[in-house]
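The next block holds one structure in the form of structure tokens; read it before the comments.
The values are calculated or read from the model by the stated rules, or taken from the named source; none is laboratory data. The structure displayed is predicted, hence computed values, not measured ones. Backbone-built Cβ (ideal geometry, glycine too); neighbour counts: all protein chains shown. SASA here: full protein model, heavy atoms, side chains in, ligands and nucleic acids out. Shrake-Rupley method; radii C 1.70, N 1.55, O 1.52, S 1.80 Å.
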Amino acid sequence: MSEQILHVTGMTCEHCAASVQQALLSVAGVSHADVSCAAGTAQVEAASDVPTSALLDAVRAKGYGAVVAGGTCCGASAAADSQLNIAIIGTGSGAFAAAIRAVEEGAAVTVIEAGVVGGTCVNVGCVPSKILIRAAHVTHLQARHPFPGLARHAPLPDRKALVAQQQTRVEELRHAKYESILETNPGIRLLRGFARFEDARTLVVCQPDGSEQRLAPDRILIATGRSPQVPDVPGLAGMPFWTSTEALIAEETPAHLIVYGGSVVALELAQAFLRLGSHVTLVARGTLLSKEDPAIGEGLKAALIEEGMRVLTDTTVTAVRFDGKSFELETGAGLISGDKLLVAAGRKPNTAGLALDHAGVALDASGAIVVDNHLRTSQPHIFAAGDCTNAPQFVYVAAAAGTRAAINMTGGDAALDLSIVPAVVFTDPQVATVGLTVAQANKLGMETDSRTLALDNVPRALANFDTRGFIKLVADKRTGRLLGAQVLAGEGGEIIQTAALAIKNRMTVADLAGQLFPYLTMVEGLKLCAQTFTRDVKQLSCCAG
């Protein structure tokens, strides 16, 4: 008999520990397994001929990370006699996904962070914004729900209380998903400070006390994310405007909020503040969501205007002034005044301070790091993941990229497939897209067929008394294979993954039309839209197959 101690990552409760224990005991030759969630360890007694790799594989098959305590994991790509050292700049989702997987593959990892651990999503992005949006949605329903038998009233939101609740949840998630991993995973070391490249092999970290520490790791991952970009408008620099960061924690509701921008962040926050009681004027340089099918932007614009927002598209801002109390914007549509200004005109990659020119790492015109599908930069030992790269700016893309970068840094071979990337904008109605639009498919030389289904043909939308929006499907004209889906609907985000899976599995619209979908669900709209390629759904009974 022999005894092995494993470090196990990803356990959050005693049920997790029991699951790991069961997995280990299922390995032939294992006689005893003692698993501690608090310590993140598994003590295993097994016959001497039981390979360590079998133990590690059993734990990983349950979705947890596992390495041998005090060394590299058996069978890992990192050399067992010389532990691979990896430095990761940043501590967001891409960075942590990479760090956890790299440790599982036997590497020693140092993560470098100058600010708050956790990156954009949990701290100043996805999490707080969705809490704000949800609170605004509830406020809106109280005042404007469609049911005459229920009294409507316009509540007076307490922003201070809402922000306190929001930030408490942010702190909880930051600790659960980031800080606790640093506390319990001995393979990951946190180094505080700003990192820059001295040369292609050396990092200099300027620490909070002013001292510098040099690192010469075997591999480097850059995962520094993005931050709000301030457009070059005369008078804007130095003004006390909001970016999304300040807007999310603002404890007051502006009387009149001006929002400069026409994409995801601008639209989500503009509608949220509108619903919380602000008058909102949105100024966009082009159309709304200009990279999407034009019908998406047009439909969303109509919904926002109907709700009471002033929306100025294709409008240029030529100057900004602030008199200490209010902002004044000179625009192509005239003078606009408001007590707060939110600038949400894009995000820039956080690469300027890294001295990437010293390392020979190539950037694109926007300053984003150019990576291949294995997350390699122009330097073969330097990788990058997440929003600081030229990949799509989604947290789930960053996490997937981080995991694959770690596999590749430790000698594996994992490509990041971005052929099918679902996306959601959390406005109301939501915008959800995947695959190709008609214009994109035609540009690739494909001949397409498409159908658009208004939501007054979807029974659940009728039952909800909310028929704003549509579902559009794009198919290859010759084969009928589904190429893309564009959705503008109240539950668009809950619909789109079904379309993504259909595209992934090369389903035709006929295949989709023939599937069983639960009745009175919004996702049934995909089936109904697919049916419109061959028949008039208005002539069908409910649930018609």
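Tell me, which strands (runs of 3 or more DSSP E) lie completely within the stretch 158-210 with 1 or more residues that are basic (Lys, Arg)? Give the derivation first.
Numbers: elements: 188-192, 194-199, 202-206.
Strands (runs of 3 or more DSSP E) meeting the threshold: 188-192, 194-199.
Please find, within the stretch 527-541, the residue that is surrounded by the most Cβ atoms within 10 Å (Cβ to Cβ) out of those that are in contact with a Phe, Trp or Tyr (Cβ under 9 Å, 6 or more places away or on another chain) and closer than 16 Å to THR467 by Cβ.
The residue in question is CYS529.
Being assigned to a loop (DSSP other than H, G, I, E, B) and touching a strand residue (DSSP E or B) at 6+ places or on another chain (Cβ under 9 Å) is the filter here, so list the residues in the stretch 365-377 that pass it. Give the steps one after another, and end with the answer.
Keep residues of the stretch 365-377 that are assigned to a loop (DSSP other than H, G, I, E, B), which gives 365-368, 370-375, 377.
Hits for the stretch 365-377 are SER366, GLY367, ALA368, VAL370, VAL371, HIS374, LEU375, THR377.
Go through the stretch 307-318 and give me each residue that's more than 11 Å from LEU274 (Cβ to Cβ) and open to solvent by 70 Å² or more (accessible area, probe 1.4 Å).
Listed by number, the residues that qualify are ASP314, THR316, THR318.
Among the residues of the stretch 171-187, are any touching a Cys at 6+ places or on another chain (Cβ under 7 Å) and in contact (Cβ under 8 Å) with a residue 24 or more places away in the chain?
Checked the stretch 171-187: no residue is touching a Cys at 6+ places or on another chain (Cβ under 7 Å) and in contact (Cβ under 8 Å) with a residue 24 or more places away in the chain.
Might you let me know whether the stretch 466-478 holds any residue that is outside any strand (DSSP E or B), among the aromatic types (Phe, Trp, Tyr) and either more than 13 Å from ILE296 (Cα to Cα) or touching a residue at least 40 places away in the same chain (Cβ under 8 Å) (or both)? Talk me through it step by step, then tell me what you get.
We begin by selecting, within the stretch 466-478, every residue outside any strand (DSSP E or B); these are 466-469, 477-478.
Then keep just the ones that are among the aromatic types (Phe, Trp, Tyr); that gives none.
Checked the stretch 466-478: no residue is outside any strand (DSSP E or B), among the aromatic types (Phe, Trp, Tyr) and either more than 13 Å from ILE296 (Cα to Cα) or touching a residue at least 40 places away in the same chain (Cβ under 8 Å) (or both).
Go through (1) under 24 Å from GLU183 (Cα atoms); (2) among the acidic types (Asp, Glu); (3) out of contact with any helix residue (DSSP H, G or I) (no Cβ under 9 Å at 6 or more places or on another chain) and name the single condition ASP34 misses.
Tallying (1) under 24 Å from GLU183 (Cα atoms); (2) among the acidic types (Asp, Glu); (3) out of contact with any helix residue (DSSP H, G or I) (no Cβ under 9 Å at 6 or more places or on another chain), ASP34 fails exactly one: (3).
Inside the stretch 372-382, can you point out the residues that are open to solvent by 10 Å² or more (accessible area, probe 1.4 Å) and touching a residue at least 24 places away in the same chain (Cβ under 8 Å)?
Scanning the stretch 372-382 gives ASN373, HIS374, ARG376, THR377, GLN379, HIS381.
Of everything in the stretch 512-526, what is open to solvent by less than 70 Å² (accessible area, probe 1.4 Å) and either touching a Lys or Arg at 6+ places or on another chain (Cβ under 7 Å) or without any contact (Cβ under 8 Å) to a residue 60 or more places away in the chain (or both)? Give them in sequence order.
Correct list: LEU512, ALA513, GLY514, PHE517, LEU520, THR521, MET522, VAL523, GLU524, LEU526.
Assess whether ARG189 counts as being touching a strand residue (DSSP E or B) at 6+ places or on another chain (Cβ under 7 Å), within 30 Å of ALA66 (Cα to Cα) and open to solvent by 40 Å² or more (accessible area, probe 1.4 Å).
On the way: touching a strand residue (DSSP E or B) at 6+ places or on another chain (Cβ under 7 Å): yes; within 30 Å of ALA66 (Cα to Cα): yes; open to solvent by 40 Å² or more (accessible area, probe 1.4 Å): yes.
In short, yes.
Would you check if ARG506 is surrounded by fewer than 21 Cβ atoms within 10 Å (Cβ to Cβ), touching a strand residue (DSSP E or B) at 6+ places or on another chain (Cβ under 8 Å), among the charged types (D, E, K, R) and in a loop (DSSP other than H, G, I, E, B)?
For ARG506, the condition - surrounded by fewer than 21 Cβ atoms within 10 Å (Cβ to Cβ), touching a strand residue (DSSP E or B) at 6+ places or on another chain (Cβ under 8 Å), among the charged types (D, E, K, R) and in a loop (DSSP other than H, G, I, E, B) - is met.
THR202 is checked against (1) in contact (Cβ under 8 Å) with a residue 40 or more places away in the chain; (2) closer than 16 Å to VAL109 by Cα and fails just one. What number does that condition carry?
Going through the list (1) in contact (Cβ under 8 Å) with a residue 40 or more places away in the chain; (2) closer than 16 Å to VAL109 by Cα, THR202 breaks only (1).
Determine if the stretch 345-365 includes at least one residue that is hydrophobic (A, V, I, L, M, F, W, C), open to solvent by 40 Å² or more (accessible area, probe 1.4 Å) and within 18 Å of the chain's Cα centre (by Cα).
No.
If you take the residues in the stretch 425-449 that are open to solvent by less than 40 Å² (accessible area, probe 1.4 Å) and in a strand (DSSP E or B), which one is nearest to PHE533 (Cα to Cα)?
Looking at residues that are open to solvent by less than 40 Å² (accessible area, probe 1.4 Å) and in a strand (DSSP E or B), I get THR448.
Would you check if there is a residue in the stretch 383-394 being open to solvent by 50 Å² or more (accessible area, probe 1.4 Å), in contact (Cβ under 8 Å) with a residue 60 or more places away in the chain and in contact with a Lys or Arg (Cβ under 9 Å, 6 or more places away or on another chain)? Full working, then the answer.
Residues of the stretch 383-394 that are open to solvent by 50 Å² or more (accessible area, probe 1.4 Å), as a first pass: 390, 393-394.
Filter once more, keeping what is in contact (Cβ under 8 Å) with a residue 60 or more places away in the chain: 393.
Now narrow it down to the ones that are in contact with a Lys or Arg (Cβ under 9 Å, 6 or more places away or on another chain): 393.
There is at least one residue in the stretch 383-394 that is open to solvent by 50 Å² or more (accessible area, probe 1.4 Å), in contact (Cβ under 8 Å) with a residue 60 or more places away in the chain and in contact with a Lys or Arg (Cβ under 9 Å, 6 or more places away or on another chain).
Kindly indicate whether THR452 is surrounded by fewer than 18 Cβ atoms within 10 Å (Cβ to Cβ) and either part of a loop (DSSP other than H, G, I, E, B) or of a type in the set (Val, Ile, Thr) (or both).
yes
Identify the single condition in (1) more than 13 Å from MET409 (Cβ to Cβ); (2) modelled with pLDDT of 95 or more; (3) open to solvent by 10 Å² or more (accessible area, probe 1.4 Å) that ALA97 does not satisfy, given that it satisfies every other one.
(1)
Does the stretch 111-119 include one or more residues that are in contact with a strand residue (DSSP E or B) (Cβ under 8 Å, 6 or more places away or on another chain), more than 23 Å from ALA195 (Cα to Cα) and either in a helix (DSSP H, G or I) or at pLDDT 95 or above (or both)?
Within the stretch 111-119, none of the residues are in contact with a strand residue (DSSP E or B) (Cβ under 8 Å, 6 or more places away or on another chain), more than 23 Å from ALA195 (Cα to Cα) and either in a helix (DSSP H, G or I) or at pLDDT 95 or above (or both).
Out of the residues in the stretch 386-407 that are under 17 Å from ARG219 (Cβ atoms) and of a type outside the set (Val, Ile, Thr), state the one that is nearest to the chain's Cα centre (by Cα).
Taking the candidates together, the pick is GLY386.
Conditions (1) open to solvent by 60 Å² or more (accessible area, probe 1.4 Å); (2) at pLDDT 95 or above; (3) over 19 Å from VAL425 (Cβ atoms), marked per residue:
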site	(1), (2), (3)
GLY262	no, yes, no
LEU269	no, yes, no
ALA284	no, yes, no
ASP293	no, yes, no
ILE305	yes, yes, no
ASP323	yes, yes, yes
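Among the residues of the stretch 28-73, write down those that are under 17 Å from GLU105 (Cα atoms), at pLDDT below 85, open to solvent by 20 Å² or more (accessible area, probe 1.4 Å) and assigned to a loop (DSSP other than H, G, I, E, B).
Selection gives LYS62, GLY63, TYR64, ALA69, GLY70, GLY71, THR72.
So, in the stretch 192-236, of the ones that are under 26 Å from VAL116 (Cβ atoms) and of a type in the set (Lys, Arg), which residue ends up most open to solvent (accessible area, probe 1.4 Å)?
ARG214
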